[in-house]
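The values are calculated or read from the model by the stated rules, or taken from the named source; none is laboratory data. Note that the coordinates shown come from a computational prediction; the quantities given were computed from them, not determined experimentally. As a convention, Cβ positions derive from the backbone with ideal geometry for all residues, glycine included, and neighbour counts pool all protein chains shown. SASA here: full protein model, heavy atoms, side chains in, ligands and nucleic acids out. Shrake-Rupley method; radii C 1.70, N 1.55, O 1.52, S 1.80 Å.
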Amino acid sequence: MAELLEYRFDPDGDTLRRYMASRYRVTFIMGPLGSGKTVASCMRVFTHMTTMTPDAEGIRRSRWVAVRNTYPDLEGTTMKDWMELFGGPELGKLNKDFPPTHHLNFDMDDGTTVKAELVFMALDRPDSVRKLRGLQATGFWLNEVKELEEDIVDMCDLRHGRYPNRKQVGDYWHGMIGDTNAPDDMHWYYRKAEIDKPEGWKFLKQPGGVIQHRTAEGMKWVENPLAENVRNLPKDYYVTGLSGKKESWIKVNLANQYGHIVDGKAIYADEYSDQLHISQYVLQPNIKHGNFYLGIDFGMTPAAVISQEIGGQLRILDELVSEGMGIRTFVRDYLKPFLADRYKDVPLESFDCCCDPSGDDPRDTEGDSPIAILQEEGFNAYAASSNKPQTRWEAVRYFLGRNVGGRPAFLLSPACDMLRKGFNGGYHLRRLQVSGAARFSEQAEKNVFSHVHDACQYMCMAAKGGYNFTSKKPDVTINGQRYTGSAGY
Ligand SMILES: Nc1ncnc2c1ncn2[C@@H]1O[C@H](COP(=O)(O)OP(=O)(O)OP(=O)(O)O)[C@@H](O)[C@H]1O
Ligand SMILES: [Mg+2]
């Protein structure tokens, strides 16, 4: 009689467990180096193979495709990792022809038989999609998702659930799973995970192996007590891994934060960090609480930032970014309809609306100043007390560098994508083309991130002005009723 093999898998971490249990059509897990993603992916594929609905003959048939960007990576890593776990002769045989395929064929102790295939494919260019034609698969495992083109991933999404035939086995789960290290914030993965959030797609994020800790001397990287899979790693794996590494490398590979392509010096590099300042969930306005702030930048690219102060914490809720339009159009066609919808019942005049003091652009304003136009439209708008960059940056830093009751005083909603990318380096001082030590411009570079960041600065100046931990002021009147703002923190 054949020997009975038993597989036991005990993932070390909540995110890994959620990855194993997820039955979304698509589930991707993003984590630091060595966090157990690949082993968990292998275990999930194997679990699906052994739990596939059996056909009338008691055979559990499935065909999975393991995808990697290049053939050397596929052979040297993906295939190797899989075969290390399931490569024993009791389970099946690896056929190294093209494409390499692991044929699994073994009996289960419930009397059924598993007949499954794992096809290994390298899909490195959009035209490699052709290789997928005619392939009928149950599911896909995308190894190192960030190395794959978006078109390839989207194409794979339309090729699962085609084998086995439903007429023979009835309905069964099918889909894609994938693991990856953090990509940069210009990557399609970031857009899908953080902005588009397609229905049926789940993006899991593991805790970093290290986290940032604020000390008197600045930010320091320390071990993260929540790090996953450490039980299976060498002692002090992540902390040892810090030594000699560049900050940008640590952020991505050890701390599991999105990377950034920075050309220059990020203005808030010393104060801002996604880990400290990005909310886990999209922030919603608390309409009854009041304390709303609005910062507006003028010019032909008007931008607005809306926040709310609750318990001493400034919560950045929304950003509005425009291109090539005057302030009147921006306010009438975009800002007001947006506020009427999302901030329903909050009177316009109750937003503390701090504006660009110099943005007087006559091109679209028919002689009126932009602030006069805002007032005409019903806003309680006024000019910021200073337009000096240092003063404006300080207003933002004031909130970034402070905690209230153990929480950051500045909390950014992940919906504010342009602000976030700006904080991470899109908003920066330009590198000057001179030899010797790096030197930078004194003014922020004007680009797609700078206008919304200007608006954020005016908003912070307003909030800083009204920032009073012990204030107890009635802030907003809704339908004739007055509501009290933040009180006594
Ligand atoms: N459940 C487990 N039991 C025992 N060892 C494990 C387990 N999960 C992972 N490991 C071990 O931990 C190490 C890292 O795991 P794995 O290769 O899956 O990490 P990863 O997140 O894919 O890393 P990378 O980002 O470097 O690809 C490997 O040596 C692996 O064998
Ligand atoms: Mg891996």
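Qualifying chymotrypsin sites (Phe, Trp or Tyr not before Pro) in segment 231-314, where qualification requires a DSSP coil assignment and no more than 15 other C-beta atoms within 10 Å, comprise Tyr281. Put simply, the amide H of Arg60, placed in the peptide plane, has neighbours under 5 Å in Asp55, Thr113, Val114, Lys115, leaving out anything fewer than 5 places away on its chain. Taken one residue at a time, the phi angles of segment 180-197 give Karplus couplings (6.51, -1.76, 1.60, θ = phi - 60°) of 7, 7, 5, x, 8, 7, 9, 7, 4, 4, 4, 4, 5, 6, 9, 10, 6, 6 Hz. Gly and Pro are set to x.
So in segment 14-205, what percent of DSSP beta bridges are antiparallel if you round to the nearest 5? Percentage antiparallel, nearest 5: 25.
Packing around the peptides 369-376, 158-165, 400-407, taken as the average count of other Cβ atoms within 10 Å per residue, puts them in this order, highest first: 369-376, 158-165, 400-407.
When the expected Rg is taken as 2.2 N^0.38 Å, what fraction or multiple of it is the alpha-carbon Rg of the chain? Don't skip to the answer; put the middle values down first.
On the way: Rg = 27.1 Å, N = 489, 2.2 N^0.38 = 23.1 Å.
Relative to the rule-of-thumb radius for its length, the chain sits at 1.17.
Built from the Cα atoms of segment 292-483, the convex hull projects on average onto 12.3 nm², one quarter of its surface area. Taking 8 Å as the Cα distance limit and 6 or more residues as the minimum spacing, I'd like the relative contact order of the chain as a percentage. Reported relative contact order: 15 percent. What you get for segment 292-483, charging only the Cβ of Lys and Arg (+1) and of Asp and Glu (-1), is a dipole of about 960 debye around the Cα centre. With a simple spin-label model that places each label point 7 Å from the Cα along the Cα-to-Cβ direction, the separation between Leu5 and Lys245 comes to 3.4 nm.
What the phi angles of segment 78-95 give under the Karplus curve with 6.51, -1.76 and 1.60, with θ = phi - 60°, is a coupling list of 4, 5, 5, 4, 5, 5, 5, 8, 10, x, x, x, 5, 9, x, 9, 8, 9 Hz, glycine and proline written as x. Helix 37-51 versus the longest principal axis of the chain: what is the Cα-based angle in degrees, 0 to 90, to the nearest 10? Helix 37-51 sits at roughly 50 degrees to that axis. Relative to the longest principal axis of the Cα atoms of the chain, the long axis of helix 450-465 lies at roughly 60 degrees.
Tell me the carbon and sulfur percent of the accessible area for the chain, rounded to whole percent, probe radius 1.4 Å. Before the final figure, lay out the partial values.
On the way: 11250 of 22870 Å².
About 49 percent, which is the carbon plus sulfur part of the accessible surface.
With every protein chain present, what is the per residue accessible area of segment 14-205 (1.4 Å probe, Å²)?
43 Å²
All other residues whose Cβ lies under 10 angstrom from that of Gln168 are scored, Lys and Arg at +1 and Asp and Glu at -1, for a net of +1. Here the 3J(HN,Hα) profile of segment 143-156, calculated from phi with Karplus coefficients 6.51, -1.76 and 1.60 at θ = phi - 60°, is 8, 6, 3, 5, 7, 9, 6, 4, 4, 5, 4, 4, 5, 4 Hz, Gly and Pro shown as x.
Cross-link list Lys192/Lys464; Lys96/Lys205; Lys115/Lys167; Lys37/Lys202; Lys288/Lys336; Lys235/Lys265: which exceed 24 angstrom alpha carbon to alpha carbon?
Working: Lys192/Lys464 35 Å; Lys96/Lys205 34 Å; Lys115/Lys167 18 Å; Lys37/Lys202 15 Å; Lys288/Lys336 19 Å; Lys235/Lys265 35 Å.
Distance filter (> 24 Å) returns Lys192/Lys464; Lys96/Lys205; Lys235/Lys265.
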